[in-house]
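In what follows, a single structure is set out as structure tokens and then discussed.
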Amino acid sequence: MPMGNITRSVRAALRVLLMGCACACAWALADTAALDVRVASQAVLEPKWLHDGERIVGICPDIMAAIERIEPRLHFVGYQRNSRSLSGIETGLDMGSLDAACGLVSSPRRLAIGQPVGKPLFFVRHYLAVRKDDPVTITSTADLARLGDLVTTQRASVFTQRLREAGVRVDDATDDNRVNLRKILAGHGRFAYVNDLTLRYLIREENLEDRVRVLPVILGDEPMYFWIGHKADPALAPLLGAALDRLKASGELDRIYARWAAPAP
């Protein structure tokens, strides 16, 4: 048989095989029963999670509501009454008391207990805030290490560990970035290391525009994903991943982020 005919035959066979796989996946998903997905809200990380009286609102609740609208087999439960620290959420994924977590960056620890699914929810960028009258200039994490001044930062954060590894002095006694900003204003620590989304929100809500200055350098820039614990129902990852990909393609994930984000610092 001529080479051209062989190539066409191989391509045709591959098309049939891929179509069969696609159909099999579609049939498998169609047969998937409704899933209750156990999620905990993350304590004091506004506006990803916000305690609004008796309700939990924010970016992650809006994303989960959007997922449920386009994929009715998924139902997120628990986060309205179950709030945990970041390390508590990781423990829940590891032990199987939680199925999923909204908005985490990758780390060796998280890859050992779960997997990211779907397109990134959004990107997180980390900045330094200082008191308004502080003239300091920083261009890198190495600058922070050389200065030796104390940096307040979030407990159990991936970025906090990276600061330590770079030789930066850190105070990570709390999960609460609001407290960390108040610390530098009170003279405890020179820098507050905070993600851009939370920093914008806190400066606005605490009326800190005239009290803090955000340094114009990005010290971290990484995608945030929805994570699935390894002990979750195997049907969860493909359903959730497909729903997130659809939301990204439609622009809905970006619209949700924009609703909660203020102008860049």
Antiparallel bridges, percent of DSSP beta bridges restricted to the chain (to nearest 5): 70
Given 12 as the ceiling on other Cβ atoms within 10 Å, longest exposed-site-free region of the chain for GluC sites (Glu not before Pro) in DSSP loops: 55-208
Rough spin-label spacing in nm, given labels placed 7 Å along Cα→Cβ, for GLU209 and LEU150: 3.0
Spacing of the two label points (7 Å from each Cα toward its C-beta) at ASP143 and ARG109, in nm: 2.9
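Sort largest first and round to whole Å: the equivalent ellipsoid semi-axes of segment 124-221, each the square root of five times a Cα gyration tensor eigenvalue. Present the calculation step by step, with values, prior to reporting the outcome.
Numbers: eigenvalues 66, 42, 33 Å².
Semi-axes (√(5λ), whole Å): 18, 15, 13.
Using the Kirkwood radius built from alpha carbon pairs, what does the Stokes-Einstein equation give as D for segment 115-161 at 37 °C and 0.692 mPa s, in µm² per second?
On the way: Rh = 13.5 Å.
After rounding, the answer is 243 µm²/s.
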Nearest-0.05 FRET efficiency for ALA242 and VAL136, computed from C-beta distance (R0 51 Å): 0.60
Rg(Cα)/(2.2 N^0.38 Å) for the chain, N = residue count: 1.20
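So for the chain, if I pair up every lysine 8 or more residues apart or on another chain, how many of those pairs have alpha-carbons under 19 Å apart? Spell out each step's value before the answer.
Working: LYS48/LYS119; LYS48/LYS248; LYS119/LYS248; LYS132/LYS183.
The result is 4.
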At least 15 Å along the helix axis (C-alpha) and Kyte average at least -0.5, DSSP helices within the chain: 3-30, 59-70, 236-250
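Rounded to the nearest 500, what is the 222 nm mean residue ellipticity of the chain from helices alone, with -39500 (n - 2.57) per DSSP H run of 4+ residues and division by all residues?
Working: 10 runs with 114 residues, N = 265.
My calculation for the chain gives -13000 deg cm²/dmol from helical runs alone.
Every number here is computed from the coordinates shown, using simple stated rules; none is lab data. The structure displayed is predicted, hence computed values, not measured ones. Cβ sites come from the backbone with ideal geometry, for glycine too, and all protein chains shown count toward neighbours.
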